[in-house]
Every structure is written in structure tokens, then in C-alpha cells.
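Here is the structure we will look at.
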Amino acid sequence: MPSAPAFVLAPPRLPELSLAGLALARETITGTHLHTLHGCPHEVVLDFRLPKSDKLPASEALAALLARGRAFEAEVVRALEVVEPHYPKGDFVTGAAETLRLMREGHPLIYQGVLFRAPYLGIADLLRRVEVPSALGGHAYEVIDIKSSRKAKLEQQVQVAFYSLLLGEAQGLLPTHGALWLREAPEERFALDDVVWTLLDQLDELSALLRGEQESRPHRSSRCDGCGWRERCLPELERSQDLSLLASLSRSRAARLRAAKISDVGALAAADPTALLRRRVLPPASTRALQAQARARRDGISVRLEAEPPALPARALFWAAEPDPFRDGRLWLVRAAVLEEGVVRAPMVHLIADDHDEAQALRELARFAEAHADAGALHFGERSASTLARLLATRPELASLERFTRSQDLRVLWLAHLAHPVANATLYDLGLWLGLRAPEEGGAFPALWWENARESSGAERERWRARVERFEQAELATAARLLGELRAETAPGASRG
Ligand code: SF4
């Protein structure tokens, strides 16, 4: 019997892509662009199309985070024996040739190796020698990227996959693994298989965006407040009364509305609701709420929605347990207060630095709950509720917080009863709209400010801490006011929707 044919799958490759003739301000695709694509596709398009000098610099808070990342990388590398390619600044062809020379020589660790095949450019933090035959000889290399975060993130792995595909072309062998050198886990090694396919999907998207085959447009989100292109995008969105100015309207839902010829806030406000429902552009409940929001924005007032009045507690125990974006599985903030007649009573704000702090903050939250057993539990947004549910599932000692699982979500209640002319329905944005606070320079990112406090000392630490505390007090004041407005089932200038 003839033997079955053997199939050998070709290893994945970076797609052939030419950026020539696209009138772009830069002509290399780097790992940073993939990272940005993950956050906002329009940002990466502007990064390519416009001069870098037009982009606002990173906020003070973000700059501090980036500087710590660089300091961590320098600290890691200081303890290692590395060689580094030397080449004229910006001459990546020479940099790649020099890196290849070092790779052929077989050095154990190469720092800042240049991997370049136009239009792709990768500068890998570390290339580590592995004893596997390749076009280099009896050895090959794999990529290690140094990150100051504590846990691996998919976008970091995608960046490693990007460098690995470039490395594969240079050494004639695609590495099977890559690694991240993290703050708490030096050399977290992972298989590249699935990550490579995520990378290729992202490169397809990026290519379509840059070639104009996929539309790129700004979309309002809380990311915009800290983005370097905000002075360009935000006025444009206001001028065109873009659909993304409506709270919580996703990119895909905005696209569906546009495909149905509803291209801006005014058009949505004026659309015949019955025809809109019949055409099934969006789910019925969202359609009604979005139209009310569109009217609120068009007319600059809040609009009361037809809904049963909410059953609200006379005294509310308003609480938060926020997951830490910089320390997976940990909390950064526990906060509680009693809200009564529009006033904040007995506020408690715990900013968490370590496990000991976290345990103490949760114990105090439990004591607070006991001391105010007559107050109905209330929180804002889904994040605190899901975080607490996770904690309760794994930590039986927190059983006294169980009543918070029946907590009402003030955000859900607010959006079900009142539409308002605010783009992001966060406490911060609602506080701005109510005139209870001033805009934060570079956007509202209190978890980042607290991370900056934890990682600094002395006056610097106190400055960041004070900023977070001021912010959290304003959050409580906003919640008290929202609850008061909701209880009265009206907001400033409200009219029936
Ligand atoms: S301002 Fe907003 S929409 Fe514009 S590029 Fe930045 S994140 Fe994207």
C-alpha cells in the first residue's frame, strides 16, 4: 500500500507589505505599534500619518511609569553579561547586520539586537542563545523581552512573537518559544504557537488600516483623555457630533448605526423609533436608551426615561473594591461611605500597598458593613461587584461581606432612568458634568497615580497619594449627588423622554 503523503507545514511568516506610496510620516512597523493597535486603531493610524511632533507628550503620570520601566530594564541588564550591537543612530540596516554578526559569533546574550526586514523593525531586549542547529551553525537564539509589569499580558507576548518571526527569518529557524522577564517572574517562557496567529491577525488589521482598505476614525472613550492625539480627535468628534459621544456605545454598534445611515447624534435623536426597532439595528432596550441619550446630547439636558422608579435605600452603604491593574489578583483600593440626603458620611478610603494592607482594608470594610447594617449596599460599575464575588469564592474569611453580593449598581440604575449628555458614564465624567470637580490633566487614572506613589518615596510619594485621595473624595461626593438626583427621579433641567 502506498504510504500517505507527508505534509510539512511552512512556518508562519510576517506578511509581505509595502508602505511605499502611502504618504506616511514613518515607514517602519514596530512592536509599539502593535501595542497601540490593541488600545485604539485610530491612534496607530495617526502615529503613521502625522509627524511625531504633532502628538502631545505623555502625561506626567504615564511618563513616570515609562521611566520606571526603563530603570527596571537597566537594572536587569546591569546584572547580566551581554554584548550589544553598535551602529549609527537610526541606521537599522547596519544595526541588523551587526546583530547578525554577533549571533553568528554565538554570544550567550545579545542586548537590544536589531531585527529588521522592511517595513518591520524589532529591537529585542535580549536574544538568548539556545543549543539548536540553525543557519547560524550549531546554535540559534530566542527572544526575551523585559517588562516592569508583574504578570504577562497578551499584548506583551504578541510583541515577543513579532520579534521572534523577524528572528526566525534572520537565523533560518523560527523559535518555538519566547519569554518575558517580569518584575516578579524572571523569564516567564511561553510557546509561540497561538500567539503568532494573534500577531498575524493584528498585522492584517494594521495593513488594511494603513492601506486605507479599512476605515479609521476616532471613537470617544476614556482612553482619549490621556491620548496624545486628543487635541485633534476630540474637537473633530464634537464638530461632527459623532455617535461615540453617547455613553458606552461600542465601535461595532456605532458602525451598525452608520451602516443603517444614522451617522451622527442628531440623526439618531430624530430617527423614527418604530422604524429603528423594526429594522433591528440594535437590541430594543439599547435603542430606546441610546435615542434618549442622543436627545440629551443634542439638547444639552438630561432626559428622564420611562422606567419604574428604582427602589433605593434611604441610607446607602456605598462601597468599592477595585482590582489592581498593576498587580494581578490584588486590590489597589477599598472605599466605603454612608450616603444620606445627598451627603457623604463616615468616608473610609484605603489605598493598598501590600497583602497586609489588603487584609486590613477588607477587615475594615467588614466592620463598616456591620456598623451600618441598616444601610442598603450600593456600588458603581460592574468591576467592584465582580472583584468581590471572586474574593468571596476563594476566601471564606470574608463571609461577612456576603451581603454586598446583593448590592445595587448605581451606574445601572442611573442609566436605566436618566440619559445625559456625557460621553463616558463613569463617576468621574458624571462629576465633571455635575460641576463637582475639575478635569484631571492627562485624564483620570487614579490606579496609575497610586502605582506611582507606591513606587516612589518622600514628598513624591505624598504628592501622588494626595492626588488619589482628593480624587476618591470627589468620587464619593459625586455618588451622593447622583443618588440624590435619582431619588428625586430628576436631574438638572430634566424633561420626559
Ligand atoms: S484621542 Fe481617542 S480616538 Fe483619538 S487616537 Fe486617541 S484614543 Fe484614539
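At-a-glance table
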read-out: Filter result (polar (S, T, N, Q) and away from the ligand (no atom under 16 Å from the Cβ)) within the stretch 233-275; value: Ser263, Thr274
read-out: Residues within the stretch 191-232 that are within 16 Å of the ligand (Cβ to nearest atom) and closer than 20 Å to Ser252 by Cβ, tallied; value: 14
read-out: Count of residues meeting criterion [part of a helix (DSSP H, G or I), exposed (fewer than 13 other Cβ atoms within 10 Å of the Cβ) and not acidic (Asp, Glu)] in the stretch 68-103; value: 6
read-out: Lone qualifier among Leu46, Leu56, Leu34, Leu50 - being within 11 Å of Cys227 (Cα to Cα) and not β-branched (Val, Ile, Thr); value: Leu56
read-out: Check on Arg223, within 19 Å of Leu56 (Cα to Cα), out of contact with any His (no Cβ under 6 Å at 6 or more places or on another chain) and either acidic (Asp, Glu) or modelled with pLDDT of 95 or more (or both); value: no
read-out: The lone exception for Leu37 - which of (1) surrounded by 18 or more Cβ atoms within 10 Å (Cβ to Cβ); (2) more than 16 Å from the ligand (Cβ to nearest atom) it fails; value: (2)
read-out: Residue within the stretch 183-202 that is closer than 21 Å to Val77 by Cβ and hydrophobic (A, V, I, L, M, F, W, C) present; value: yes
read-out: Complete set of residues in the stretch 146-166 that are farther than 16 Å from Pro11 by Cα and in a helix (DSSP H, G or I); value: Leu154, Glu155, Gln156, Gln157, Val158, Gln159, Val160
read-out: Residue satisfying condition, being without any contact (Cβ under 8 Å) to a residue 12 or more places away in the chain, surrounded by fewer than 18 Cβ atoms within 10 Å (Cβ to Cβ) and in a helix (DSSP H, G or I), within set Ala389, Ala416, Ala459, Ala438; value: Ala459
read-out: Within the stretch 211-303, helices (runs of 4 or more DSSP H) holding 1 or more residues that are under 27 Å from the mean Cα position of the chain (by Cα) and within 22 Å of Leu50 (Cα to Cα); value: 230-240
read-out: Filter result for Asp125 (charged (D, E, K, R) and more than 30 Å from His219 (Cα to Cα)); value: yes
read-out: Residue match in the stretch 94-109 (condition: closer than 30 Å to Glu213 by Cβ and touching an Asp or Glu at 6+ places or on another chain (Cβ under 6 Å)); value: no
read-out: Evaluation of Arg298 against (1) in contact with a helix residue (DSSP H, G or I) (Cβ under 8 Å, 6 or more places away or on another chain); (2) within 16 Å of the ligand (Cβ to nearest atom) (one fails), failing number; value: (2)
read-out: Pairs where the first residue, in the stretch 305-333, is under 30 Å from Glu184 (Cβ atoms) and the second is part of a loop (DSSP other than H, G, I, E, B) and acidic (Asp, Glu), C-beta under 8 Å, 6+ apart; value: Arg330/Asp324; Leu331/Asp324; Trp332/Asp324
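Condition check ((1) touching a residue at least 60 places away in the same chain (Cβ under 8 Å); (2) outside any helix (DSSP H, G or I); (3) farther than 27 Å from Leu167 by Cβ) across all residues:
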site	(1), (2), (3)
Leu19	yes, yes, no
Leu24	yes, yes, no
His33	yes, no, no
His42	yes, no, yes
Phe48	yes, no, no
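The values are calculated or read from the model by the stated rules, or taken from the named source; none is laboratory data. What you see is a predicted model; the values in this text were computed from it and never measured. Using ideal geometry, Cβ is built from the backbone for each residue, glycine included, and neighbour counts are taken over all protein chains shown.
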